[in-house]
Structure formats: structure tokens, C-alpha cells
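Readers should treat all values here as calculations from the given coordinates under stated rules, not as data from a laboratory. None of the values given here were measured: they were computed from a predicted structure. Cβ sites come from the backbone with ideal geometry, for glycine too, and all protein chains shown count toward neighbours.
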Amino acid sequence: MKKSLLLLFLVVVLATIPLLTQQGTEFGGADGEAEKAITKIQPEYKPWFNSIWEPPGAETESLLFALQAAIGAGFIGYFIGVTRQRNKLTKQEIPEKSKHVTH
């Protein structure tokens, strides 16, 4: 348990260091390209809502997206691992129970 918490802490630290150290970074993504295409087709288009928080740069936004994907992949991997272990333990218990059954 302590090892897992330490690893989680290290992931959070490694993810936040670039957020704090890299200011004014620029890296275009799909959102920016979509906005350009929309304004080219419909110049008077107004978005329905604005972002609550704008990251300091597009690379920061990409970092946050990658972190979100990594957390999701970790959750899925954990769930699959727990399910496989549970199935393995269940299969081991079935033969042990059948030994105790008398006919």
C-alpha cells in the first residue's frame, strides 16, 4: 500500500512540474484546428460557453490530456487485474470445496 501511494505521489509530482516550469508553450491540437475551420466557414459563429480555466500553453493542455489517459488506463488495468485475480481464486476454491463433499 505504501509503495502504491509513493508511486501515485511521484506521478502527480512529475505531472505538475512541467505545468509550473513551462510557461507560454505553444502546440496546436485538434481543438484549435476545429476552431479555425468553423470560423472559416461561419465567421460570425459564437461559442456556447467559455472554458473555466485556460492552461498556460497548448503543450500543457496536451500534458493534462495524456495524464487523464494514463489515469484511465491505470484504472482499467487495475480493474482487469482484480477481476483476473478474483477469477483465479474462485477457480482454486471450487476444487477444494469438492474435496470436502461426501457422497
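Please give the contour-minus-distance gain from Ile76 to Lys2: 0.36 nm per residue of separation, less the Cα-Cα distance, rounded to one decimal in nm.
Numbers: separation 74, 0.36 × 74 = 26.64 nm, distance 2.10 nm.
Going from the current span to full extension adds 24.5 nm.
In whole Hz, with x marking every Gly and Pro, tabulate ³J(HN,Hα) for the stretch 62-76 from phi via Karplus 6.51 cos²θ - 1.76 cosθ + 1.60, θ = phi - 60°.
5, 4, 5, 5, 5, 5, 4, 5, 5, 5, x, 5, x, 5, 5
If one takes the longest principal axis of the Cα atoms in the chain, at what angle in degrees, from 0 to 90 and to the nearest 10, does the Cα axis of helix 2-21 lie?
The angle comes out near 10 degrees.
Cα atoms only: what Rg and Dmax, in Å, come out for the chain?
For the chain, the Cα-based Rg and Dmax read 24.1, 82 Å.
Need the full-extension length gain, Ala69 to Lys46, defined as separation in residues times 0.36 nm minus the C-alpha distance. One decimal, nm. List each step's numbers first, then the result.
Numbers: separation 23, 0.36 × 23 = 8.28 nm, distance 2.96 nm.
Additional length available on full extension: 5.3 nm.
Can you compute the charge dipole magnitude of the chain about its Cα centre, using +1 on each Lys and Arg Cβ and -1 on each Asp and Glu Cβ, nothing else charged? Give it in debye, rounded to the nearest 20. Walk me through the intermediate numbers first.
Working: 11 positive and 10 negative charges, 221 e Å.
Roughly 1060 debye, rounded to the nearest 20.
Tell me the label-point distance for the pair Glu35, Gln92, using the 7 Å Cα-to-Cβ offset, in nm and rounded to one decimal.
5.4 nm
What number, in percent, do you get for the relative contact order of the chain if the mean sequence gap of Cα pairs under 8 Å and at least 6 apart is divided by its residue count?
Working: 27 pairs, mean separation 32.3, N = 103.
Relative contact order of the chain: 31 percent.
Between Gly32, Leu20, Ile94, whose Cα lies farthest towards the positive end of the dipole of the chain when Lys and Arg beta carbons carry +1 and Asp and Glu beta carbons carry -1, centred on the Cα centre?
In the chain, that residue is Ile94.
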